[in-house]
Amino acid sequence: MAKSKKRKKLTVPGFVELKGAGRKICVLTAYDYPTARLLDQAGVDAILVGDSMAMVIQGHKTTLPVTLDEMIYHGEMVSRAARGALVIVDLPFPTFHMGVHRAIELAGRVLKETSCQAVKLEGGQEQQDVISGLVSAGIPVMAHVGLRPQSVHTMGGYKIQRNRDQLLTDARAAEDAGAFGIVLECIPRDIAAEISQFLRIPTIGIGAGPDCDGQVLVIHDLLGMTGGYVPTFVKQYAKLSETINQAVGQWCDDVRDGNYPADEHWFE
Ligand code: KIV
(Lines give C-alpha, C1' and ligand atoms only; values in the text may rest on other atoms or scores of the structure.)
Protein backbone atom coordinates (compact mmCIF):
# COMPACT_ATOMS: atom_id res chain seq x y z
CA MET A 1 0.00 0.00 0.00
CA ALA A 2 1.26 3.51 -0.82
CA LYS A 3 2.63 5.54 2.08
CA SER A 4 3.29 9.21 2.52
CA LYS A 5 4.36 9.72 6.12
CA LYS A 6 7.76 11.30 6.89
CA ARG A 7 10.55 8.83 7.54
CA LYS A 8 14.18 8.80 8.50
CA LYS A 9 16.76 8.71 5.71
CA LEU A 10 17.86 5.12 5.10
CA THR A 11 21.62 4.69 5.40
CA VAL A 12 23.89 2.12 3.80
CA PRO A 13 24.23 0.14 7.09
CA GLY A 14 20.46 0.45 7.54
CA PHE A 15 19.99 -1.03 4.07
CA VAL A 16 22.17 -4.02 4.98
CA GLU A 17 20.31 -4.49 8.27
CA LEU A 18 17.04 -4.96 6.37
CA LYS A 19 18.33 -8.39 5.33
CA GLY A 20 18.95 -9.41 8.93
CA ALA A 21 15.49 -8.17 9.85
CA GLY A 22 14.03 -10.42 7.15
CA ARG A 23 12.29 -7.47 5.47
CA LYS A 24 12.16 -7.63 1.66
CA ILE A 25 13.87 -4.59 0.14
CA CYS A 26 12.12 -2.46 -2.49
CA VAL A 27 14.29 -0.64 -5.03
CA LEU A 28 13.10 1.26 -8.11
CA THR A 29 14.86 3.39 -10.67
CA ALA A 30 14.22 7.10 -11.08
CA TYR A 31 15.99 9.74 -13.13
CA ASP A 32 14.30 13.03 -12.22
CA TYR A 33 13.04 15.02 -9.24
CA PRO A 34 9.24 14.53 -9.50
CA THR A 35 9.45 10.78 -10.06
CA ALA A 36 11.97 10.33 -7.25
CA ARG A 37 9.76 12.40 -4.94
CA LEU A 38 6.75 10.17 -5.69
CA LEU A 39 8.72 6.97 -5.16
CA ASP A 40 10.19 8.32 -1.93
CA GLN A 41 6.75 9.27 -0.64
CA ALA A 42 5.37 5.86 -1.65
CA GLY A 43 7.95 4.22 0.61
CA VAL A 44 10.62 2.58 -1.57
CA ASP A 45 13.75 1.72 0.40
CA ALA A 46 16.20 2.79 -2.27
CA ILE A 47 16.18 4.65 -5.56
CA LEU A 48 18.62 3.63 -8.25
CA VAL A 49 19.63 6.19 -10.83
CA GLY A 50 20.35 3.41 -13.29
CA ASP A 51 22.24 3.68 -16.53
CA SER A 52 18.99 2.22 -17.94
CA MET A 53 18.43 5.98 -18.31
CA ALA A 54 20.22 5.64 -21.66
CA MET A 55 17.36 3.46 -22.89
CA VAL A 56 14.21 4.70 -21.13
CA ILE A 57 15.02 8.43 -21.01
CA GLN A 58 17.46 8.99 -23.86
CA GLY A 59 15.97 6.44 -26.27
CA HIS A 60 19.17 4.52 -27.00
CA LYS A 61 19.21 0.81 -27.82
CA THR A 62 21.73 -0.04 -25.08
CA THR A 63 22.94 1.47 -21.81
CA LEU A 64 26.37 2.21 -23.27
CA PRO A 65 25.96 5.80 -24.56
CA VAL A 66 25.06 7.53 -21.26
CA THR A 67 27.92 9.64 -19.89
CA LEU A 68 29.19 10.27 -16.38
CA ASP A 69 28.16 13.94 -16.59
CA GLU A 70 24.61 12.90 -17.55
CA MET A 71 24.45 10.42 -14.65
CA ILE A 72 25.61 13.18 -12.31
CA TYR A 73 23.07 15.67 -13.70
CA HIS A 74 20.19 13.24 -13.09
CA GLY A 75 21.61 11.79 -9.87
CA GLU A 76 21.64 15.22 -8.29
CA MET A 77 17.93 15.76 -9.03
CA VAL A 78 17.02 12.39 -7.57
CA SER A 79 19.13 12.90 -4.43
CA ARG A 80 17.43 16.24 -3.79
CA ALA A 81 14.03 14.56 -3.96
CA ALA A 82 14.77 11.51 -1.82
CA ARG A 83 14.15 12.42 1.80
CA GLY A 84 13.91 8.83 3.09
CA ALA A 85 15.16 6.50 0.39
CA LEU A 86 18.81 5.56 -0.04
CA VAL A 87 20.08 6.88 -3.37
CA ILE A 88 22.45 4.80 -5.49
CA VAL A 89 23.88 6.08 -8.79
CA ASP A 90 25.14 3.73 -11.50
CA LEU A 91 28.69 4.14 -12.76
CA PRO A 92 28.32 4.22 -16.54
CA PHE A 93 30.54 2.38 -18.98
CA PRO A 94 33.59 2.57 -18.96
CA THR A 95 34.22 4.68 -15.83
CA PHE A 96 35.41 1.77 -13.67
CA HIS A 97 37.48 -0.04 -16.29
CA MET A 98 40.40 2.39 -16.26
CA GLY A 99 42.08 1.41 -13.04
CA VAL A 100 41.29 1.78 -9.38
CA HIS A 101 42.54 5.37 -9.07
CA ARG A 102 40.50 6.59 -12.00
CA ALA A 103 37.44 4.75 -10.62
CA ILE A 104 37.90 6.48 -7.24
CA GLU A 105 38.25 9.85 -8.96
CA LEU A 106 35.08 9.38 -11.05
CA ALA A 107 32.95 7.68 -8.37
CA GLY A 108 34.17 10.41 -5.99
CA ARG A 109 32.73 12.99 -8.39
CA VAL A 110 29.41 11.13 -8.34
CA LEU A 111 29.27 11.17 -4.54
CA LYS A 112 30.39 14.83 -4.27
CA GLU A 113 28.27 16.28 -7.05
CA THR A 114 25.03 14.32 -6.60
CA SER A 115 24.95 13.85 -2.80
CA CYS A 116 23.96 10.23 -3.40
CA GLN A 117 25.02 7.69 -0.79
CA ALA A 118 26.42 4.90 -2.95
CA VAL A 119 27.37 3.86 -6.46
CA LYS A 120 26.62 0.69 -8.39
CA LEU A 121 28.92 -0.98 -10.86
CA GLU A 122 28.54 -4.01 -13.07
CA GLY A 123 30.80 -6.90 -12.21
CA GLY A 124 31.93 -9.25 -9.47
CA GLN A 125 35.19 -11.17 -9.58
CA GLU A 126 36.82 -9.09 -12.33
CA GLN A 127 35.94 -5.86 -10.51
CA GLN A 128 37.10 -7.02 -7.05
CA ASP A 129 40.05 -4.59 -6.93
CA VAL A 130 37.93 -1.66 -8.01
CA ILE A 131 35.18 -2.47 -5.49
CA SER A 132 37.67 -2.77 -2.65
CA GLY A 133 39.48 0.43 -3.75
CA LEU A 134 36.25 2.41 -3.79
CA VAL A 135 35.13 0.98 -0.44
CA SER A 136 38.52 1.84 1.12
CA ALA A 137 38.05 5.39 -0.17
CA GLY A 138 34.72 5.60 1.67
CA ILE A 139 32.53 5.07 -1.37
CA PRO A 140 29.84 2.44 -0.72
CA VAL A 141 29.44 0.07 -3.68
CA MET A 142 26.58 -2.10 -4.86
CA ALA A 143 27.78 -4.79 -7.27
CA HIS A 144 25.80 -6.23 -10.18
CA VAL A 145 26.23 -9.78 -11.47
CA GLY A 146 24.42 -12.08 -13.88
CA LEU A 147 23.23 -10.26 -16.97
CA ARG A 148 25.36 -7.12 -17.18
CA PRO A 149 23.80 -4.84 -19.80
CA GLN A 150 27.03 -2.87 -20.26
CA SER A 151 28.57 -6.13 -21.55
CA VAL A 152 25.74 -6.80 -24.00
CA HIS A 153 28.13 -7.19 -26.93
CA THR A 154 30.41 -9.60 -25.07
CA MET A 155 27.43 -11.60 -23.83
CA GLY A 156 25.88 -11.71 -27.30
CA GLY A 157 22.58 -10.10 -26.24
CA TYR A 158 20.34 -9.77 -23.20
CA LYS A 159 20.36 -13.43 -22.14
CA ILE A 160 19.70 -15.36 -18.95
CA GLN A 161 23.05 -16.16 -17.30
CA ARG A 162 23.29 -19.79 -16.15
CA ASN A 163 26.95 -20.38 -15.29
CA ARG A 164 26.43 -21.32 -11.65
CA ASP A 165 30.10 -21.49 -10.67
CA GLN A 166 30.89 -18.10 -12.20
CA LEU A 167 27.80 -16.49 -10.63
CA LEU A 168 28.68 -17.85 -7.19
CA THR A 169 32.31 -16.74 -7.60
CA ASP A 170 31.23 -13.25 -8.69
CA ALA A 171 28.83 -12.86 -5.78
CA ARG A 172 31.39 -14.04 -3.22
CA ALA A 173 34.09 -11.81 -4.72
CA ALA A 174 31.83 -8.75 -4.53
CA GLU A 175 31.00 -9.39 -0.89
CA ASP A 176 34.63 -10.12 0.00
CA ALA A 177 35.66 -6.84 -1.68
CA GLY A 178 33.28 -4.94 0.60
CA ALA A 179 30.16 -4.38 -1.53
CA PHE A 180 27.14 -3.60 0.67
CA GLY A 181 24.65 -5.16 -1.72
CA ILE A 182 24.44 -6.91 -5.03
CA VAL A 183 22.03 -6.86 -7.96
CA LEU A 184 21.33 -10.28 -9.46
CA GLU A 185 20.00 -9.81 -12.98
CA CYS A 186 18.39 -12.53 -15.09
CA ILE A 187 19.69 -15.65 -13.42
CA PRO A 188 17.80 -18.86 -12.56
CA ARG A 189 15.78 -18.83 -9.35
CA ASP A 190 17.72 -21.65 -7.65
CA ILE A 191 21.09 -19.97 -8.17
CA ALA A 192 19.73 -16.64 -6.91
CA ALA A 193 18.33 -18.44 -3.85
CA GLU A 194 21.69 -20.10 -3.17
CA ILE A 195 23.57 -16.81 -3.46
CA SER A 196 21.04 -15.03 -1.26
CA GLN A 197 21.48 -17.70 1.38
CA PHE A 198 25.26 -17.67 1.59
CA LEU A 199 25.83 -13.92 1.29
CA ARG A 200 25.56 -11.66 4.35
CA ILE A 201 24.82 -8.62 2.16
CA PRO A 202 21.39 -8.18 0.54
CA THR A 203 20.73 -9.51 -2.94
CA ILE A 204 18.43 -7.39 -5.08
CA GLY A 205 16.89 -9.38 -7.89
CA ILE A 206 15.62 -8.43 -11.31
CA GLY A 207 14.48 -11.48 -13.22
CA ALA A 208 16.08 -13.62 -10.51
CA GLY A 209 13.03 -14.99 -8.67
CA PRO A 210 11.38 -14.50 -5.30
CA ASP A 211 14.16 -15.71 -3.00
CA CYS A 212 16.33 -12.61 -3.34
CA ASP A 213 16.43 -10.25 -0.36
CA GLY A 214 14.81 -7.53 -2.43
CA GLN A 215 13.61 -6.63 -5.90
CA VAL A 216 14.43 -3.84 -8.34
CA LEU A 217 12.57 -2.74 -11.45
CA VAL A 218 12.88 0.04 -13.97
CA ILE A 219 10.08 2.46 -13.05
CA HIS A 220 8.96 2.91 -16.67
CA ASP A 221 8.35 -0.85 -16.93
CA LEU A 222 6.39 -1.02 -13.66
CA LEU A 223 4.21 1.94 -14.62
CA GLY A 224 3.69 0.85 -18.23
CA MET A 225 5.28 3.93 -19.71
CA THR A 226 7.35 2.37 -22.45
CA GLY A 227 4.52 1.26 -24.71
CA GLY A 228 6.85 -1.27 -26.36
CA TYR A 229 8.65 -4.46 -25.35
CA VAL A 230 8.31 -5.40 -21.70
CA PRO A 231 10.59 -8.11 -20.25
CA THR A 232 8.75 -11.22 -19.01
CA PHE A 233 9.94 -10.70 -15.42
CA VAL A 234 8.12 -7.35 -15.21
CA LYS A 235 4.70 -6.99 -13.60
CA GLN A 236 3.00 -3.82 -14.80
CA TYR A 237 1.01 -2.05 -12.09
CA ALA A 238 -0.33 0.69 -14.38
CA LYS A 239 -0.60 1.53 -18.04
CA LEU A 240 0.52 5.14 -17.98
CA SER A 241 1.33 5.21 -21.69
CA GLU A 242 -2.38 4.59 -22.40
CA THR A 243 -3.46 7.15 -19.79
CA ILE A 244 -1.12 9.79 -21.26
CA ASN A 245 -2.16 8.98 -24.82
CA GLN A 246 -5.83 9.36 -23.87
CA ALA A 247 -5.34 12.58 -21.88
CA VAL A 248 -3.21 14.28 -24.54
CA GLY A 249 -5.56 13.15 -27.33
CA GLN A 250 -8.51 14.57 -25.38
CA TRP A 251 -6.68 17.89 -24.88
CA CYS A 252 -5.88 18.14 -28.60
CA ASP A 253 -9.56 17.47 -29.43
CA ASP A 254 -10.67 20.14 -26.94
CA VAL A 255 -8.26 22.74 -28.36
CA ARG A 256 -9.27 21.96 -31.94
CA ASP A 257 -13.01 21.97 -31.09
CA GLY A 258 -12.79 25.23 -29.14
CA ASN A 259 -13.63 23.51 -25.81
CA TYR A 260 -10.35 24.49 -24.17
CA PRO A 261 -9.72 26.99 -22.71
CA ALA A 262 -13.21 27.41 -21.25
CA ASP A 263 -14.53 30.35 -19.18
CA GLU A 264 -12.80 29.21 -15.99
CA HIS A 265 -9.40 29.00 -17.70
CA TRP A 266 -8.78 32.62 -18.67
CA PHE A 267 -8.32 36.01 -17.00
CA GLU A 268 -10.45 39.16 -17.55
O1 KIV B 1 20.41 0.48 -14.91
C2 KIV B 1 19.52 -0.04 -14.23
O3 KIV B 1 18.40 0.44 -14.14
C4 KIV B 1 19.85 -1.26 -13.50
C5 KIV B 1 18.74 -2.02 -12.87
C6 KIV B 1 17.82 -2.59 -13.87
C7 KIV B 1 19.23 -3.03 -11.92
O8 KIV B 1 20.97 -1.63 -13.46
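The values are calculated or read from the model by the stated rules, or taken from the named source; none is laboratory data. Just so we're clear, the structure is a prediction, and the values are computed from it rather than from any experiment. Ideal geometry is used to build each Cβ from the backbone, glycine not excepted, and the neighbour counts take in all protein chains shown. For accessibility, only protein heavy atoms count, side chains too; no ligands or nucleic acids. Shrake-Rupley method; radii C 1.70, N 1.55, O 1.52, S 1.80 Å.
Observations on the structure shown:
- Net charge of Cβ neighbours under 9 Å - reference residue 224; Lys, Arg +1; Asp, Glu -1: -1
- Percent accessible area from carbon and sulfur atoms, the range 1-71, protein chains only, probe 1.4 Å: 62 percent
- The chain: proportion of alpha-carbon pairs further apart than 34 angstrom, %: 19 percent
- Net charge of neighbours whose Cβ lies under 14 Å from the Cβ of residue 78, counting Lys and Arg as +1 and Asp and Glu as -1: -2
- Checking every one of the trypsin sites (Lys or Arg not before Pro) in the range 172-268 against DSSP loop status and a limit of 10 other Cβ atoms within 10 Å picks out 200, 235.
- Proximal charge balance of residue 260 [Cβ under 15 Å; K/R count +1, D/E count -1]: -4
- Label-to-label distance for residue 83 and residue 115 is 1.3 nm, based on points extended 7 Å past Cα in the beta-carbon direction.
- For the chain, accessible area per residue (1.4 Å probe, heavy atoms of protein chains only), Å²: 51 Å²
- Taking chymotrypsin sites (Phe, Trp or Tyr not before Pro) in DSSP loop conformation with at most 11 other Cβ atoms inside 10 Å as exposed sites, the chain has its longest uninterrupted site-free stretch at 1-228.
- Relative contact order of the chain, defined on C-alpha pairs under 8 angstrom at six or more residues apart (%): 16 percent
- Projecting the Cα atoms of 212, 38, 85 onto the dipole axis of the chain, where Lys and Arg carry +1 and Asp and Glu carry -1 at the beta carbon, places 212 farthest toward the positive end.
- With helices as the sole contributors, the chain gives -12000 deg cm²/dmol at 222 nm; each DSSP H run of n ≥ 4 counts as -39500 (n - 2.57), and the sum is divided by every residue.
- Counting only protein heavy atoms and a probe of 1.4 Å, the accessible surface of the range 146-268 is 51% carbon and sulfur.
- Across 61/235; 8/235; 112/159; 9/61; 9/159, pairs whose alpha-carbon gap is larger than 31 Å: 112/159; 9/61; 9/159
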